1. Taking 10 Å² as the minimum loss, tell me which residues in region B:98-117 lose that much accessible area going from the chain by itself to the full protein complex (1.4 Å probe).
2. Select from region A:419-448 all residues whose loss of accessible area on going from the chain by itself to the full protein assembly reaches 50 Å² or more (probe 1.4 Å).
3. When DSSP beta bridges are limited to those with both residues in region B:276-381, what percentage is antiparallel, rounded to the nearest 5?
4. Taking chain A as the reference, fit the longest principal axis to its C-alpha atoms, fit the long axis of helix A:74-83 to the helix C-alpha atoms, and give the angle between the two in degrees, 0 to 90, nearest 10.
5. How much solvent-accessible surface does A:Tyr83 expose, in Å² to the nearest 10, with a 1.4 Å probe and all protein chains in place?
6. Please list, in chain and number order, the residues 5+ apart from B:Trp22 or on another chain whose amide H is under 5 Å from its amide H, with Hs placed from the backbone.
7. For region A:89-106 and region B:53-99, what is the separation of their C-alpha centers, rounded to whole Å?
8. Could you name the lysines whose alpha carbon sits less than 19 Å from that of A:Lys310, not counting residues in the same chain fewer than 8 places away?
Number of protein chains: 2
Amino acid sequence: MAAKKEIPYKIYLEENEMPKAWYNVRADMKNKPAPLLNPGTHQPMTAQELEGVFCAELVQQELDNTTPYIPIPQEIQDFYKMYRPSPLVRAYCLEEKLKTPAKIYYKFEGNNTSGSHKLNSAIAQAYYAKKQGLKGVTTETGAGQWGTALSMACAYLDLDCQVYMVKVSYEQKPFRREVMRTYGASVTPSPSNTTNVGRQILAEHPGTTGSLGCAISEAVEAAVTQEGYRYVLGSVLNQVLLHQSVIGLETKAALDKYGIKPDIIIGCAGGGSNLGGLISPFAGDMLRGEANYRIIAVEPASCPSLTRGKYAYDFCDTGKVCPLAKMYTLGSNFIPSANHAGGLRYHGMSSIVSQLYHDGLIEATSVEQTKVFEAAEYFARVEGILPAPESSHAIRVAIDEAIKCRETGEEKTIVFGLTGTGYFDMVAYEKFNNGEMGDYIPTDEELEKSFATLPQVEE
Amino acid sequence: MAAKKEIPYKIYLEENEMPKAWYNVRADMKNKPAPLLNPGTHQPMTAQELEGVFCAELVQQELDNTTPYIPIPQEIQDFYKMYRPSPLVRAYCLEEKLKTPAKIYYKFEGNNTSGSHKLNSAIAQAYYAKKQGLKGVTTETGAGQWGTALSMACAYLDLDCQVYMVKVSYEQKPFRREVMRTYGASVTPSPSNTTNVGRQILAEHPGTTGSLGCAISEAVEAAVTQEGYRYVLGSVLNQVLLHQSVIGLETKAALDKYGIKPDIIIGCAGGGSNLGGLISPFAGDMLRGEANYRIIAVEPASCPSLTRGKYAYDFCDTGKVCPLAKMYTLGSNFIPSANHAGGLRYHGMSSIVSQLYHDGLIEATSVEQTKVFEAAEYFARVEGILPAPESSHAIRVAIDEAIKCRETGEEKTIVFGLTGTGYFDMVAYEKFNNGEMGDYIPTDEELEKSFATLPQVEE
């Protein structure tokens, strides 16, 4: 293997090679992502309306469809240096084990305490909140990756951090909760008695263990009813994909450094923050007609918004207090089976990713969770990293593509995003280790029922 | 801060700057560490005797007091490349928060899935076992860091891995157990019915939740009674410190690259694997009269082998099946308070570290666990990494030394070892977060009682 000598196991950028601006893929999109709509009037949300909920500078980023590069403030660049650049790893061991001629690379975002890529946007959002002179921010978290990342960022900037954590996770993932508390955040199980919407939900559904959509509604209410607070969100929004473009920019710079051109780029997709960030610069190449790649979004078969959802305006939260977003969606009432352990549970998909998918720039595929955990375990044993279930969706498809190369003899270059580590997902791994994990695929009837809840919006 | 521009946040070595040989500090020691003794005859253990328990090549390394550099086999170098070099991080944020003129660096060994430095020796020991044509290895684990690392290494080399896990940890740390199982290891709660010594202990102490010393005895018995198995150990032994010298060698190379000379080097000390590895090349400089550093070993006040132990031959395990080792020890019957959550629970200390301490080359200090967790939380919020309680002993003293510099105005350069992450220690963090953590310091009477169990050895 001559290449083994040429390409290091891990490609690190030098500090001076790190991105100094985020890339805004919308600038290169002919078909712009659809705007957020006011849920009452169905008119595009104005900056003024959005500034009641989000920080002013983040609103600008949310609405900016034209500026291709937005400078990363020096303070955020400095913070990034604490855990970035993340390594682009050549999966030599995996290639060897699979006996594939394919060359496999993964961008590993788990090398920070929050354990995932979420920190890239958390620090940006916390920074703008601080800059605006706010006291703190509110948010929701499900599995806990976003809440952990935001807690870290707020601790660093001395900003108050209030996290509404889906009650079932709060109880079943006490360690996640404690990580956030260690970083100084207050963590409230949702639904709670601290908000009107929470009290209302508790009255209607006593004993409910909560949902992401419900926690979003509570966090938004908490933000708009407290002086000096704004709401922040870890995925779906344009601003989040903008911040996450740092993943793709670093990946591209690392590949370019060694003259590597990827054939296939694979990312797991829940709300689209990782996928959108990873692929942005590559999608930009395609949009400008400068290159061509196969880009594959991988989602769970139990929550298949791209592969089985409708492309329509929908609510982002259960309480319906948020703007409407146009996206591939399963309907805001859709909740994946409680037995689904693989994450990526959001009912919708980022408007940017949805538009790119709609325009045929990216493919999508769905995988069943037992297959995902098989890939996760295989990867852990071979490459040494214990992956998050979310990330393992991408691993599954990367392995499948590498096996195809073995069969065809093609030396394709495959790049995938390894978004984080699975340290806090050992309950799911235990289930898998004990052979107790099943697959849960929604029926067409279930989806039809959920689609019926979509709002009627004239476009 | 001009230095901010000169020294990157993280100093990474290039692949060609990584160590190609381990450094054996014993070669430079005038007073060699005392040999292991046969527990029956009190004569030095011969290679032949040791080879019944350990792999042949590891026995050679164990007994080699003269070769200064032992080449790292290419296969191990290749594995190291999967997660090494580990970064040497300049703690700019911590310095700024502490308003200290001190320059603080830490060598972060938590950037691999095993979450700690233990992998450095695990892969070496597994490699030699594989090379010898063995089927598998046995070991014990307490908190689980060593067991996790060994499971990873064995998965990589297709070697069977049998872990005896202290029963109380097995039950209280199910996630650690599942990580090891995910890597394909079999994990048995100790004491168990699978060994004679286990059955004997269970008969004598029904309902016991086990101890490290007892798990060692079971693992050794399992190794010597199965065809094609050997026992491996994650600390204390000379061979382990040899492998861990990779930490110190990389640290020194990274410092040299930027012309940095440390004044103080700090490591946490349990059995001595991390401390010994980190300080070896620096101690070598001192032993050869080429440089001078303050080297500080930090241990828990609840298990103070260096600061309050006796320097004497002692048993390494409860079942007394292992050789005797001369070390600073609290007596093999000593078990720190069950309320001690900070790790570093072994009753003795590596013979090499013990000898260096005895000869005045290194200092030792002990810290109470609430102070340790205060430092851990402070560090997490400022530097972003959630440290293992073990590592946080070193953080505590590094912070204290940096504060002294603030008071005196001295611009000392402080280097400490950050051995791992605390993801699996959230029960302890929760206790601390809830203000329920106490300090547990053994009384002189308790220690005297334990010293009374030391074997009588004529030297």
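1. B:Asn111, B:Thr113
2. Buried by the other chains: A:Tyr423, A:Met426, A:Glu430, A:Asn433.
3. Looking only at bridges with both residues in region B:276-381, the antiparallel portion is about 55 percent.
4. Once rounded, one gets 60 degrees.
5. Here the residue's solvent-accessible area equals roughly 20 Å².
6. HN-HN under 5 Å from B:Trp22: B:Ile70, B:Ile72.
7. 25 Å
8. Here the lysines satisfying the reach criterion relative to A:Lys310 are A:Lys32, A:Lys320, A:Lys326, A:Lys449.
The values are calculated or read from the model by the stated rules, or taken from the named source; none is laboratory data. Fair warning: this is a prediction, and the values are worked out from it, not measured in the lab. Every residue, glycine as well, gets a Cβ built from its backbone with ideal geometry; the counts of neighbours run over all protein chains shown. Accessible surface areas use protein heavy atoms only, side chains included; no ligands, DNA or RNA. Shrake-Rupley method; radii C 1.70, N 1.55, O 1.52, S 1.80 Å.
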